[in-house]
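*Asks:* First the structure, then my questions, so here it is.
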Amino acid sequence: MDLGLSGRRAIVTGGSKGLGQAIAAELLAEGAAVVICSRNAGELEKTAAELAAAGGSVTALPCDVTDPGQVESFIEAAAAALGGADILVNNAGAARPGRFGTLTDDDWQADIEVKLFSQIRCTRAALPHLRRSSAPRVININAVYARYPDPVFLASSVNRASCLSLSKALSIELGREGILVNSVNIGLVVTPQWENIRSQRAPDTPADEFFGQMAASEVPLGRFGRPDEVAGLVAFLAGDRASYITGASVDVAGGMGKYL
């Protein structure tokens, strides 16, 4: 299937590893030019080299998406490198486990900055460039916890619900301009973040066993997802085949969640 992404220009936040890297790779494979960002310059350059080796045009620019000034500079630099922007994938957002009684004000503030405000700021900065695109897309990577709250990930559950509302509201406001805004909600997907959680919770338990136990209790398909299974949907939503889809909230979670 030709998604019509050849020659399109994409910006992917949180692109140095895991899901962001997989999304960048998928877009590059479809013929898009991609700019990725991350706070870790070393990881970023390594990933950019790996992506470039597989073919395609990829640029790495460091950015802390919780810093408003850095976001504005990054989006401008990314658009300059690409000659514009057609696609913004808001993927940045680290997991922050914690129950209500353990979360401090600083924890809440850090979580909302990296999740909700990163999407707000990156989208705001990218809008002038997206308005000049013939096929503008904003794709926000969120989590099923937004509609399936988990007390163990309380801040994420609350803040991801806000992110879903942001995506829907933006899709309504920007729809008249032809800017499509959609949300992709992940469940349990194998990423470095989950490996960090395993190392903290159960350092003596092999990864396959730890992930298998979690999936058995929460995921109807009985396994963690792969990053490429999420990236494929992102590429579809970024392409021409999704030209009449906006305001959608699509779960890529193996059936995880207790809602309709």
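The values are calculated or read from the model by the stated rules, or taken from the named source; none is laboratory data. The structure presented is a predicted model; accordingly, all values stated were derived computationally and were not measured. Methodologically, a virtual Cβ is constructed for each residue, glycine included, from the backbone with ideal geometry; neighbour enumeration extends over all protein chains shown. Please note that ligands, DNA and RNA were not included when accessible areas were found on the heavy atoms of the full protein model with its side chains. Shrake-Rupley method; radii C 1.70, N 1.55, O 1.52, S 1.80 Å.
*Asks:* Given the conditions (1) under 17 Å from the mean Cα position of the chain (by Cα); (2) part of a loop (DSSP other than H, G, I, E, B), report the number of the one that Gly254 does not fulfil.
*Replies:* (1)
*Asks:* Select from the stretch 215-235 the residues that are of a type in the set (A, V, I, L, M, F, W, C) and crowded, with 18+ Cβ neighbours inside 10 Å and list them in ascending order.
*Replies:* Pass one, the stretch 215-235, residues of a type in the set (A, V, I, L, M, F, W, C): 215-216, 219, 221, 224, 230-231, 233-235.
Passing the criteria: Ala215, Val219, Phe224, Val230, Ala231, Leu233, Val234, Ala235.
*Asks:* On to the next question. Which condition does Val189 not pass, out of (1) out of contact with any strand residue (DSSP E or B) (no Cβ under 8 Å at 6 or more places or on another chain); (2) over 25 Å from Leu130 (Cβ atoms), if it passes all the others?
*Replies:* Here Val189 clears every test but (1).
*Asks:* Has the stretch 170-178 got any residue that is over 29 Å from Leu28 (Cβ atoms), more than 21 Å from the chain's Cα centre (by Cα) and among the hydrophobic types (A, V, I, L, M, F, W, C)?
*Replies:* No, the stretch 170-178 contains no residue that is over 29 Å from Leu28 (Cβ atoms), more than 21 Å from the chain's Cα centre (by Cα) and among the hydrophobic types (A, V, I, L, M, F, W, C).
*Asks:* (1) open to solvent by 60 Å² or more (accessible area, probe 1.4 Å); (2) touching a residue at least 40 places away in the same chain (Cβ under 8 Å); (3) assigned to a helix (DSSP H, G or I): which one isn't true of Arg124, the others all being true?
*Replies:* Every condition holds for Arg124 apart from (2).
*Asks:* Within the stretch 177-205, which residues are modelled with pLDDT under 95 and in a loop (DSSP other than H, G, I, E, B)? Step through it out loud before you land on a result.
*Replies:* Here is the first cut: in the stretch 177-205, the ones modelled with pLDDT under 95 are 187-205.
Listed by number, the residues that qualify are Gly187, Leu188, Val190, Thr191, Ala202, Pro203, Asp204, Thr205.
*Asks:* Filter the stretch 28-43 down to residues that are among the hydrophobic types (A, V, I, L, M, F, W, C) and over 12 Å from Val12 (Cα atoms) and give me whichever is modelled with the lowest pLDDT. Lay out the reasoning, then the answer.
*Replies:* To start, the set of residues in the stretch 28-43 that are among the hydrophobic types (A, V, I, L, M, F, W, C) comprises 28-29, 32-37, 41.
Pick out the ones that are also over 12 Å from Val12 (Cα atoms) and you get 29, 41.
Working: Ala29: 97, Ala41: 91.
This residue is Ala41.
*Asks:* Got a number for residues in the stretch 96-121 being assigned to a helix (DSSP H, G or I) and open to solvent by 20 Å² or more (accessible area, probe 1.4 Å)? I'd like the intermediate steps shown before the answer.
*Replies:* Here is the first cut: in the stretch 96-121, the residues assigned to a helix (DSSP H, G or I) are 105-121.
From what is left, the residues that are open to solvent by 20 Å² or more (accessible area, probe 1.4 Å) are 105-110, 112-114, 116-117, 120-121.
Counting residues in the stretch 96-121 that are assigned to a helix (DSSP H, G or I) and open to solvent by 20 Å² or more (accessible area, probe 1.4 Å) gives 13.
*Asks:* List pairs: first in the stretch 133-154 and in contact (Cβ under 8 Å) with a residue 24 or more places away in the chain, second of a type in the set (Asp, Glu) and crowded, with 20+ Cβ neighbours inside 10 Å, Cβ under 8 Å, 6+ apart or cross-chain?
*Replies:* Ser133/Asp86; Ser134/Asp86; Ala135/Asp86; Pro136/Asp86; Arg137/Asp86; Val144/Asp251
*Asks:* Could you grab me the full set of residues in the stretch 136-176 that are of a type in the set (Gly, Ala, Ser), surrounded by 20 or more Cβ atoms within 10 Å (Cβ to Cβ) and part of a helix (DSSP H, G or I)? Steps first, please.
*Replies:* Start the filter on the stretch 136-176 by keeping residues that are of a type in the set (Gly, Ala, Ser), which leaves 143, 146, 155-157, 161-162, 165, 167, 169, 171, 175.
Still in the list and also surrounded by 20 or more Cβ atoms within 10 Å (Cβ to Cβ): 143, 146, 155-156, 167, 171.
Ala146, Ala155, Ser156, Ser167, Ser171, listed by residue number.
*Asks:* Shifting gears a bit: Using beta carbons and a limit of 8 Å, which pairs, at least six apart or on different chains, have the first residue in the stretch 222-244 and under 22 Å from Ser167 (Cα atoms) and the second one open to solvent by less than 60 Å² (accessible area, probe 1.4 Å) and at pLDDT below 95?
*Replies:* Final answer for the pair search is Pro227/Gly18; Pro227/Val189; Pro227/Thr191; Glu229/Val189; Val230/Val189.
*Asks:* Give all pairs with beta carbons closer than 6 Å in which a residue from the stretch 53-70 that is closer than 21 Å to Asn140 by Cβ meets a residue that is open to solvent by 60 Å² or more (accessible area, probe 1.4 Å) and in a loop (DSSP other than H, G, I, E, B); count only pairs at least 6 apart in sequence or on separate chains.
*Replies:* Asp64/Arg39
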